[in-house]
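Enquirer: Have a look at the structure that comes next, please.
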Amino acid sequence: MTVDRSETAFTRDDLAQALQRNQFTLYYQPIVSATTARTVTVEALMRMRLPSGQLASPQDFLEVAEQSGFVCDLGEWALQRACSEGLNWPGVCVAVNISPKQLQFGFLNTVRRILNETGFPPDRLELELTEHFPVEDMPRAYAKLAALRKLGIRVALDDFGAGYSGLIYLRKLPLDKIKIDRAFVESMDPESDILVRSIVQLGRNLGLTVTAEGVETSEQQRALIEAGCHELQGYLFSRPLPCADINTLFGCGSASARLRIAGAS
Ligand code: C2E
Ligand code: CA
Ligand code: CA
């Protein structure tokens, strides 16, 4: 079902109103262990319910949210919601995407408050920071990410390899994980295979967890496991699902959900 474009030309006020009217929701996409095929993490991905009943995806509203600064309100809402809903899935980590803008204003206090209010264990929270991140913000980000990690929260560098600055961030930012950008996985052939293998090795040598996203075929899965990826995410395993389906997946509390993965034991 395609979304009517005339429904998705949003302003900041539209987004604020939609937040007030409870139109935002989170979908969750499983991330599986490459070795055990178990869901180790679910990534929270924001959606907005339109009056027609259709769902708008982040590409329809994130740009306006970023430009207007409203992404901080939205991001706080997403963190609160993910921590509340994630309480139902013991043993599973919850990854939340954060915008570089959120790191600028009182983010540490916001995270502490949300963890206190929800009782969500920090060692089950991962924050994904995109590689499309302004280099000039790095000194400020460093201290904040270090403080978040002190709380037990893990930090992932998302979309790794998609921009120009990935290597600088690897050297300078306190990280736990890299997520290899979908573009590398999409175009896997003998040549980019070498590139992906090298990226995986780089991450592993730095002691980071390496996740590949956008895995759609069992050939990609095999190549990524062989390359040494720790975790895989993509439509091959599951599309992003509404909270109710994730509850079902985990049997409303049991963390032993095992997705069907061709070839993984
Ligand atoms: P991302 O963090 O890189 O998330 C992965 C995107 O790829 C998601 O798109 C997901 O639905 C899609 N995807 C997952 N597996 C596959 C696959 O196998 N094939 C293909 N073709 N696509 C796949 P989505 O949900 O539209 O999100 C787009 C982007 O919006 C995210 O990219 C993230 O950067 C941003 N985003 C989503 N939720 C939030 C949020 O709560 N806060 C912030 N700041 N950004 C968010
Ligand atoms: Ca992400
Ligand atoms: Ca990504």
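The values are calculated or read from the model by the stated rules, or taken from the named source; none is laboratory data. Note that the structure is a prediction, hence the values are computed from the model and not measured. We place every Cβ from the backbone using ideal geometry, glycine too, and count neighbours over all the protein chains shown. Quick note on the areas: whole protein, heavy atoms, side chains included, nothing else; ligands and nucleic acids left out. Shrake-Rupley method; radii C 1.70, N 1.55, O 1.52, S 1.80 Å.
Enquirer: Ignoring ligands, DNA and RNA, what percent of the 1.4 Å accessible area of the chain is carbon and sulfur?
Expert: C and S atoms contribute 51 percent here.
Enquirer: FRET efficiency for Leu55 and Asp193, Cβ-Cβ distance as r, R0 = 22 Å, nearest 0.05?
Expert: Approximately 0.05, to the nearest 0.05.
Enquirer: Residue by residue, what Karplus-based ³J(HN,Hα) values in Hz, rounded to whole numbers, does region 118-132 have, using 6.51, -1.76 and 1.60 with θ = phi - 60° and x for Gly and Pro?
Expert: Result, rounded to whole Hz: 8, x, 6, x, x, 6, 10, 9, 10, 10, 9, 10, 5, 5, 7.
Enquirer: Starting from the Cα of Gln20, step 7 Å along the direction of its Cβ; do the same at Asn247; then give the gap between the two resulting points in nm.
Expert: 2.9
Enquirer: Once you have the Cα-Cα distance between Asn116 and Gln201, take 0.36 nm times their residue separation minus that, and quote the gain in nm to one decimal.
Expert: Computed gain between Asn116 and Gln201 is 26.9 nm.
Enquirer: Give the relative contact order (percent, whole number) for region 19-132; include only Cα pairs under 8 Å separated by 6+ residues. The partial results should precede the final answer.
Expert: On the way: 154 pairs, mean separation 26.9, N = 114.
After rounding, I find 24 percent.
Enquirer: Just to be sure I follow the rule: in the chain, considering lysines 8 or more places apart or on different chains, how many pairs have Cα atoms under 20 Å apart? Present the calculation step by step, with values, prior to reporting the outcome.
Expert: On the way: Lys101/Lys144; Lys101/Lys172; Lys144/Lys172; Lys144/Lys177; Lys150/Lys172; Lys150/Lys177.
Lysine pairs satisfying the spacing and distance rule in the chain number 6.
Enquirer: Looking at region 1-131, what % of the alpha carbon pairs are farther apart than 17 Å?
Expert: So the portion of pairs separated by more than 17 Å is 60 percent.
Enquirer: Right, another one. Evaluated at 4 °C with a viscosity of 1.567 mPa s, what Stokes-Einstein diffusion coefficient in µm²/s does the chain have when Rh comes from the Kirkwood expression over alpha-carbon pairs?
Expert: Once the numbers are plugged in, D ends up at 68 µm²/s.
Enquirer: Considering only protein heavy atoms, what per residue accessible area in square angstrom results for the chain with a 1.4 angstrom probe?
Expert: Result: 47 Å² of accessible area for each residue.
Enquirer: Are there chymotrypsin sites (Phe, Trp or Tyr not before Pro) in region 124-216 that DSSP puts in a loop and that have at most 13 other Cβ atoms within 10 Å, and which ones?
Expert: Answer by residue number: Tyr164.
Enquirer: What is the set of long-range amide H partners of Ala56 at a cut-off below 5 Å, with H atoms built 1.01 Å from backbone N?
Expert: Counting only residues 5 or more places away or on other chains, the set is Met48, Arg49, Leu50.
Enquirer: Of all the stretches in the chain, which is the longest one without any exposed loop site, taking trypsin sites (Lys or Arg not before Pro) in a DSSP loop (any state but H, G, I, E, B) with at most 13 other Cβ atoms within 10 Å?
Expert: Counting at most 13 other Cβ atoms within 10 Å as exposed, the longest clean stretch of the chain is 22-259.
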